[in-house]
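The values are calculated or read from the model by the stated rules, or taken from the named source; none is laboratory data. Only a predicted model underlies this, so the values are computations on that prediction, with no experimental measurement involved. Cβ placement follows ideal geometry from the backbone for every residue including glycine, while neighbour counts extend to all protein chains displayed. The accessibility values were calculated without ligands, DNA or RNA, using every heavy atom of the protein model including side chains. Shrake-Rupley method; radii C 1.70, N 1.55, O 1.52, S 1.80 Å.
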Amino acid sequence: MSILRRIRVKTPEEIERMREAGSVVALILSELERVVKPGVTTKFLEKCAVDIATSFGVRLAFMGYRGFPAHICVSVNEEVVHGIPSEKRVLREGDIVSVDVGVEARGYFADGAVTYPVGRVAENAERLIR
């Protein structure tokens, strides 16, 4: 059976639900860019994401997925993806921080990730982010 026969065409309502989830992911990532700065904890980034998702009546999708203990993934510098937010992990000038957010909106999911500079970063870090 070809792959095209296995793809189910979405209804306009399903596409709207997917768009809703994606819009909230984009908004969360945009807002987090404004709060990423030296002195902020990775746990604070998670709190901001939870607050935004809650205000839109959607659920952050990572908490509990295969035992994952957080609402978003936050990885700093050389850390591999899926870092767990922590009150102990404080962002410092020159760090780069990658944030991955997944949202469920009325049964449909969207996911996105962005890497942000923390204050002024090295030229090679800027190139990596670009």
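For this structure, a couple of remarks:
- Conditions (1) open to solvent by less than 60 Å² (accessible area, probe 1.4 Å); (2) of a type outside the set (D, E, K, R); (3) in contact (Cβ under 8 Å) with a residue 24 or more places away in the chain; (4) more than 23 Å from N124 (Cβ to Cβ): number failed by M18: (1)
- For the residues A110, A105, A125, the requirement of being modelled with pLDDT of 95 or more and small (G, A, S) singles out A110.
- Check on E78, outside any strand (DSSP E or B), surrounded by fewer than 15 Cβ atoms within 10 Å (Cβ to Cβ) and at pLDDT below 95: yes
- Beta carbons closer than 8 Å, at least 6 apart along the sequence or on distinct chains, pair a first residue in the range 46-59 that is open to solvent by 70 Å² or more (accessible area, probe 1.4 Å) with a second that is assigned to a helix (DSSP H, G or I) for F56/V24; F56/L27; R59/A53.
- The one condition in (1) surrounded by 13 or more Cβ atoms within 10 Å (Cβ to Cβ); (2) in contact with a helix residue (DSSP H, G or I) (Cβ under 7 Å, 6 or more places away or on another chain); (3) under 30 Å from K10 (Cα atoms) that A113 fails to fulfil: (2)
- Residue match in the range 64-75 (condition: farther than 15 Å from D111 by Cα and of a type in the set (S, T, N, Q)): yes
- Any hit, the range 51-62, residues being in a strand (DSSP E or B) and either under 30 Å from R130 (Cβ atoms) or not acidic (D, E) (or both): yes
- Criterion (outside any loop (DSSP other than H, G, I, E, B), within 30 Å of E123 (Cα to Cα) and open to solvent by 40 Å² or more (accessible area, probe 1.4 Å)) met by exactly one of R34, R92: R34
- Condition check for G39: at positive phi and either assigned to a loop (DSSP other than H, G, I, E, B) or small (G, A, S) (or both): yes
- Qualifying residue in the range 5-14 (condition: β-branched (V, I, T) and either part of a helix (DSSP H, G or I) or touching a Lys or Arg at 6+ places or on another chain (Cβ under 8 Å) (or both)): no
- Residue list for the range 1-48, restricted to those being within 19 Å of A105 (Cα to Cα) and touching an Asp or Glu at 6+ places or on another chain (Cβ under 8 Å): A21, V25, C48
- Residue pairs whose Cβ atoms lie under 6 Å apart, sitting 6 or more positions apart in sequence or on different chains, and linking a residue in the range 77-100 that is under 17 Å from V114 (Cβ atoms) to a partner that is basic (K, R) and outside any loop (DSSP other than H, G, I, E, B), are P85/K43.
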